[in-house]
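Structure record follows, encoded as C-alpha cells.
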Amino acid sequence: MDIVIGIIMGIVEGLTEFAPVSSTGHLILAGHLLGFEGNRASTFEIVIQLGSILAVVVIMRKKLLSLVRMNRNVSASDNKFGFLHIMIGMIPFGIGGLLFYDFIKEVLFSPETVIVTLVLGGILMILAERFKPTPTAESLEAISYKQALFVGLFQCLALIPGFSRSGATLSGGIISGMSHKTASEFTFIMAIPIILAFDFRCSSSDGQ
C-alpha cells in the first residue's frame with residue numbers, strides 16, 4: 001500500500017504543482033482520503049516537491065543561465081531582469097512565513113480549510129481576468145520592481161493551505177499589468193526559491 005500511495009500522491013503533485021490550483025491542498029485532501037497523514041506524510045510531501053524544482057530548472061534553464069550570465073546567446077537587454085526582482089518578490093512571502101508559519105501549520109492544515117481556499121483561489125483568478133488592465137510588461141525584461149513586489153504580496157495568499165501559489169502569483173501579475181505569458185514565466189522562476197525555502201522550513205521544523 002505504501003507504494004500505491006506514493007504513486008498516487010506523486011501523480012497528484014505532478015498534475016497540480018504548476019497548474020493554477022494548490023498542489024499542497026490537493027496533497028492534503030488526497031492524503032486524508034488515503035489515510036496518509038501525520039509527520040510521515042509531511043516529509044513525503046517535502047521530498048516529492050523537490051522534483052517540481054528540478055522540472056522548473058529544466059524548463060527555464062536558458063532564462064536561469066542568463067540570470068547568472070552563463071548563457072552567451074543572451075542579449076544585453078536581458079540584464080534588465082535580474083535576481084533583485086526575484087528577491088523583491090520573495091520578501092513579503094518570507095516575512096509572512098516567519099511570522100505565521102507555526103499558526104498556519106497547527107491551525108489551518110485541514111481538509112476544511114483547503115476546500116474553502118480552493119474556491120477562493122478560483123474566484124480570485126476569475127476577478128483577475130475580469131479586471132485586468134492593458135499589459136505594460138510583455139516580457140520578463142519589462143517587469144518593474146513595483147510589479148515584482150505586487151506579485152510578492154499576492155503570493156502571501158499561498159501561505160494558506162489550499163490557496164494556489166501559481167494561481168495567486170498569476171493573478172497578481174495580471175492585475176499589476178503583466179501579460180499572461182510574462183506572469184507565467186515569473187511565476188515559474190519564483191517557484192524555485194519559494195519551494196526550496198518552504199521545504200527547508202518544513203524539514204527544519206519537523207526535525208525539532
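The values are calculated or read from the model by the stated rules, or taken from the named source; none is laboratory data. Keep in mind that what you see is a predicted model, and the values were worked out from it rather than measured. Note that we place each Cβ from the backbone using ideal geometry, even for glycine, and neighbour counts take in every protein chain shown.
In this structure, is Ile59 hydrophobic (A, V, I, L, M, F, W, C), surrounded by 15 or more Cβ atoms within 10 Å (Cβ to Cβ), farther than 17 Å from Pro161 by Cα and modelled with pLDDT of 75 or more? The answer is no for Ile59. Taking first residues from the range 43-62 that are under 13 Å from Gly14 (Cα atoms) and partners that are of a type in the set (Gly, Ala, Ser) and buried (at least 17 other Cβ atoms within 10 Å of the Cβ), the Cβ contacts under 9 Å between residues at least 6 apart in sequence or on separate chains come to Glu45/Ser23; Glu45/Gly31; Gln49/Ser23; Ser52/Ser23; Ser52/Ala191; Ile53/Ala191; Val56/Ala191.
Within the range 152-184, count every residue that is modelled with pLDDT of 90 or more and assigned to a helix (DSSP H, G or I).
Step one: of the range 152-184, the residues modelled with pLDDT of 90 or more are 152-157, 168-183.
Pick out the ones that are also assigned to a helix (DSSP H, G or I) and you get 152-157, 168-176, 180-183.
Residues that pass the stated criteria total 19.
It is to be established whether one or more residues within the range 188-196 are small (Gly, Ala, Ser), touching a helix residue (DSSP H, G or I) at 6+ places or on another chain (Cβ under 8 Å) and at pLDDT 85 or above. Scanning the range 188-196, I find no residue that is small (Gly, Ala, Ser), touching a helix residue (DSSP H, G or I) at 6+ places or on another chain (Cβ under 8 Å) and at pLDDT 85 or above, so the answer is no. Taken across the range 79-102, residues that are touching a helix residue (DSSP H, G or I) at 6+ places or on another chain (Cβ under 6 Å), assigned to a helix (DSSP H, G or I), at pLDDT below 80 and more than 24 Å from Glu13 (Cα to Cα) do occur, with at least one present. With respect to the stated conditions, Lys146 is of a type in the set (Lys, Arg), part of a helix (DSSP H, G or I) and surrounded by fewer than 19 Cβ atoms within 10 Å (Cβ to Cβ).
For Thr187, state whether it is among the polar types (S, T, N, Q) and outside any helix (DSSP H, G or I). Judged against the criteria, Thr187 is not a match. Considering the range 153-166, and only residues there that are more than 8 Å from the chain's Cα centre (by Cα) and touching a residue at least 60 places away in the same chain (Cβ under 8 Å), the residue that is surrounded by the fewest Cβ atoms within 10 Å (Cβ to Cβ) turns out to be Leu153.
Kindly indicate whether any position in the range 121-141 is at positive phi and not aliphatic (A, V, I, L, M). Even if it seems obvious, please write down each step before you answer.
First, the residues of the range 121-141 that are at positive phi: none.
No - not one qualifying residue is present in the range 121-141.
Val74 meets all of the listed conditions (1) at pLDDT 75 or above; (2) out of contact with any His (no Cβ under 9 Å at 6 or more places or on another chain) but one, namely (1).
Please state which one of Phe109, Phe186 is under 16 Å from the mean Cα position of the chain (by Cα) and in contact (Cβ under 8 Å) with a residue 60 or more places away in the chain. Step through it out loud before you land on a result.
Numbers: Phe109 fails: under 16 Å from the mean Cα position of the chain (by Cα).
Result: Phe186 is the single residue among Phe109, Phe186 that is under 16 Å from the mean Cα position of the chain (by Cα) and in contact (Cβ under 8 Å) with a residue 60 or more places away in the chain.
Residues of the range 1-21 that are within 13 Å of Phe36 (Cα to Cα) and either touching a His at 6+ places or on another chain (Cβ under 9 Å) or buried (at least 19 other Cβ atoms within 10 Å of the Cβ) (or both): Met9 alone.
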